[in-house]
Every structure is written in C-alpha cells, then in structure tokens.
Amino acid sequence: MSKWDVKQLWEKIQETLAVVDSANDAYKNRNLSDAIGRMETVLTSVEEIQRDCPSRVILELEAIISKENPITINSFLTDIKNEMVHFKGISQMQLGEYQGALATLSVFVNNSSATGSFEHRYRTLLVFVQIAQLIPKRSTVIDKTYSQIEAYLNSVNKSEYNSELLLFRSRFEFLKGNLDQALGLAKEALLSKKLLKKHRDINYGQVWDFHFDGLVSISLMLHKIDQAKKYVKEWENSDNTMPANRLVRMNKCRSDIARFEGDFSKAVKFAKRGLRYAEESDYRETYYAVTCSLFHAYIEWNKSEEVTKNLFRLDRLEASQRLFVNYHAALIRLRHAEQSEWIESRINSEHLTAPLDQLGLELDSLLGITYYSDYNSNHLKTIVY
C-alpha cells in the first residue's frame with residue numbers, strides 16, 4: 001500500500017517550501033555551503049515526490065487547490081527544482097568550485113529540451129558563461145555560448161532581457177583589456193536593467209551591486225575617477241537585496257577610488273573593512289577582489305612590511321582555480337619582492353617572474369590576446385572584480 005495520500009503530499013510540499021525559504025535566506029546571507037546543503041535537500045524531496053507519489057494523489061490535491069488557485073503540481077515542483085539547480089550552481093561558483101558548478105548547470109546547458117521557465121533557463125545559461133569567463137575557458141567557447149544565449153533570447157522573443165548578457169560581455173572585454181568596450185557595454189547593461197524595471201516592474205537578474213561594482217572598476221581603469229564616484233552615489237540609492245554582498249563590494253570600490261586618488265591610508269581602511277565582511281562569508285569571488293585591493297593599496301603606499309604581514313592571504317588566492325586571480329597573486333609577490341629588495345640576483349628574479357610569465361602566456365593563449373604576457377605598470381593598477 002502506498003504511503004502517499006493527499007494530506008501527506010500537502011505536508012511534504014509545505015516542508016519542502018520551508019527548506020526553499022531557508023536555502024534562499026542562507027544564500028542571501030552568503031552562507032553558501034549551508035545554502036547548498038539545503039538546496040540538495042529540496043532537490044531530493046522534489047525527486048521523491050515526482051518519482052514515488054501516485055498521479056491520482058497529485059490530481060486529487062490539484063483538484064482541491066484549484067478551487068482557489070489553479071495549479072499543476074508537477075510543473076510547480078519542476079520550477080522549484082530548476083530554481084534550486086540554478087542557485088546551487090551559482091553557490092558552487094561563488095565558493096570557487098567551478099567544475100562542480102559546470103556539472104550542476106550542464107543539465108540545462110546541454111539539454112535544449114529541458115523543461116522549466118524562461119527565467120531559469122536564461123539565468124542558468126548566463127551563469128554558465130560567467131564561469132567560463134572566470135576560469136577562463138577558450139574565447140571561442142565563450143563566444144559560442146554567447147551566440148547560444150542570443151539565439152535563445154530571440155527564439156522566445158525576450159530580447160528586452162539582455163541586460164545580463166551585456167553585463168557579462170562587459171566583464172569579458174574587461175578581462176581582455178578592452179576597457180572602452182567594457183565601459184560601453186556596462187553602461188548599456190545598466191540602462192537596459194533600468195528600463196526593464198521601469199516598464200515591467202521587474203528587478204531581474206544580478207543584484208545592483210554586480211552592475212555598479214563593474215562600472216566603478218572600469219571607470220577607474222580608464223582614470224575616470226569623478227565618474228566612478230557618481231556611480232557609487234547612484235549605487236547607494238539602489239535596491240539593497242543582499243546587504244552582505246554590498247558591504248564587501250562597495251568597500252572594495254571605495255578602497256580602489258581612494259587608491260587611484262593617492263589617498264592610500266583611506267584605501268587601506270576601506271579594503272580592511274571590506275575584507276572583514278568578506279571573511280564573514282564564504283563567497284570566494286568578493287574575497288579575492290577585496291584582498292587584491294588591499295595588497296595593491298599597501299604596495300602603492302610602499303608599505304612592504306604590511307604586505308609581508310598579510311602574505312598568508314596570497315596562499316588563498318593562489319589556491320583559486322581562476323587564472324586571473326593566480327596572475328594577480330604572482331604580480332603582487334613580484335612587486336612586493338621588488339620593494340623589499342629581495343631580488344638580489346638574476347636567479348631570484350627569474351624565480352618570481354617565471355610563474356607570472358607562464359600565467360600570462362596561458363591567459364593570452366586562452367583569450368586570443370597579447371595582454372597579460374607583456375605585463376607592465378598598467379597591470380599594477382588592474383582591479384580584480
């Protein structure tokens with residue numbers, strides 16, 4: 001005899017929804033490992049219902065619910081499952097578990113007939129391309145994924161949702177050193193997001209912090225400091241749906257602005273504050289970014305002794321699966337050695353420059369550019385974001 005009846009199914013769905021809420025809360029508070037565990041619990045629960053619960057019980061519950069709110073339970077559960085898959089992949093990415101994230105998201109990316117809402121499929125494709133850029137994979141793979149996403153938007157007549165696509169393209173151009181193009185795309189992405197919010201009242205996609213962090217960083221790289229400050233003011237008035245994320249990103253950006261203005265004491269103060277918040281979370285990406293900002297502030301301030309005290313943080317950067325972060329860790333070590341006059345011979349110099357040369361060549365090969373292998377003073381100003 002089946003253990004399922006209408007009452008048991010209803011209670012199981014309510015228990016599952018409660019875990020969904022707790023998983024979302026953990027994610028918003030940047031408790032990512034906890035969030036992933038809760039998401040996996042939801043996925044197991046949904047799978048159990050869809051696999052084991054007799055269709056007659058599902059139909060009976062639907063008939064009861066539909067008196068007030070028409071619903072198809074299997075479609076509802078599939079949407080929950082897709083949402084959890086999406087956010088599990090994002091959480092794995094933010095923990096630096098890139099290959100695991102790609103495996104989680106591949107269910108959507110490699111299956112064009114996968115069921116689910118437009119939003120889940122589109123956002124999952126975007127996260128997939130974001131991870132490809134973070135690692136990074138070859139530019140040909142990234143460009144192909146962008147073409148796939150654009151084709152999907154057109155096929156479902158949702159081109160107005162292109163703000164996220166533009167945003168990630170902006171970061172890709174930033175990664176390749178094409179700063180003017182990156183800024184143009186970032187501005188267009190912000191305008192597109194505002195228009196969608198205004199005309200459809202949809203606060204869709206990445207939180208505002210991700211948009212403004214990029215605009216501030218690119219503006220600074222182009223030495224447009226006043227413009228960067230204007231973006232910070234606009235940022236302060238935007239919806240703050242993930243305070244833990246904003247505390248890290250905004251302090252990192254304030255640090256970078258102060259550094260570009262030559263106020264290194266303030267730069268260090270903001271970076272330390274951002275790092276303190278980053279260490280309360282297990283979000284690796286913001287930790288990497290604000291750590292690099294702190295090191296660059298100390299180096300430009302000629303505080304080599306402070307760099308020495310914090311060298312243990314570089315170990316964490318060097319453990320990253322991101323070549324871009326590894327490159328910056330190697331660059332910081334070289335700059336610190338130069339300031340500390342540790343390079344006393346050609347052997348010592350090659351010991352420090354060889355990893356940088358290798359990483360630079362690898363990045364250039366993957367991205368089809370000649371930017372990182374020819375590192376110079378401009379790279380020392382580069383912002384990780």
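Only the coordinates and a few stated rules stand behind these numbers; no lab work does. What you see is a predicted model; the values in this text were computed from it and never measured. Positions of Cβ are backbone-derived with ideal geometry, glycine not excepted, and every protein chain shown enters the neighbour counts.
See the values below:
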quantity	calculated
Positive dipole terminus of the chain, leading residue within GLY184, ASN82, ILE369 (C-beta point charges)	GLY184
Within the stretch 1-57: Cβ-based charge dipole about Cα centre, in debye rounded to nearest 20 (Lys, Arg +1; Asp, Glu -1)	100
Whether the stretch 260-362 is rounded, prolate or oblate, judged on the alpha carbon gyration tensor where a/c under 1.5 counts as rounded	oblate
Gyration tensor verdict on the stretch 1-158 (Cα atoms; rounded if a/c is under 1.5, prolate if a/b is larger than b/c, oblate otherwise)	prolate
Extension gain from ASN302 to SER106, taking 0.36 nm per residue of separation minus the Cα-Cα distance	65.9 nm
D_trans [Stokes-Einstein, Kirkwood Rh over alpha-carbon pairs] for the stretch 130-195, 10 °C, 1.306 mPa s, µm² s⁻¹	130
Overall dimensions of the stretch 158-252 as given by Cα atoms, namely Rg and Dmax in Å	12.8, 36
Dimensionless Rg/Rh of the stretch 181-325 - Kirkwood Rh, Rg from C-alpha atoms	0.99
Taking the C-alpha atoms of the chain, convex hull volume expressed per residue in Å³	147
0 to 90° range, to nearest 10: angle between helix 6-28 axis and the chain longest Cα axis	10
Hz values of 3J(HN,Hα) by residue in the stretch 267-277 - Karplus curve (6.51, -1.76, 1.60), Gly and Pro given as x	4, 5, 4, 5, 5, 5, 5, x, 5, 4, 5
Alpha-carbon centroid distance for the pair the stretch 49-114 / the stretch 231-279, whole angstrom	36
Net length gained if the chain between SER159 and ALA319 were fully extended (0.36 nm per residue, minus Cα distance)	53.7 nm
Dipole of the chain, positive end: most advanced residue of TRP235, PHE128, CYS53 [Cβ charges, Cα centre]	TRP235
Student exercise, the chain dipole from Lys, Arg, Asp, Glu Cβ charges, in Debye to nearest 20	680
Stretchable slack from GLU62 to ASP21, in nm (0.36 nm times residue separation minus alpha-carbon distance)	12.5 nm
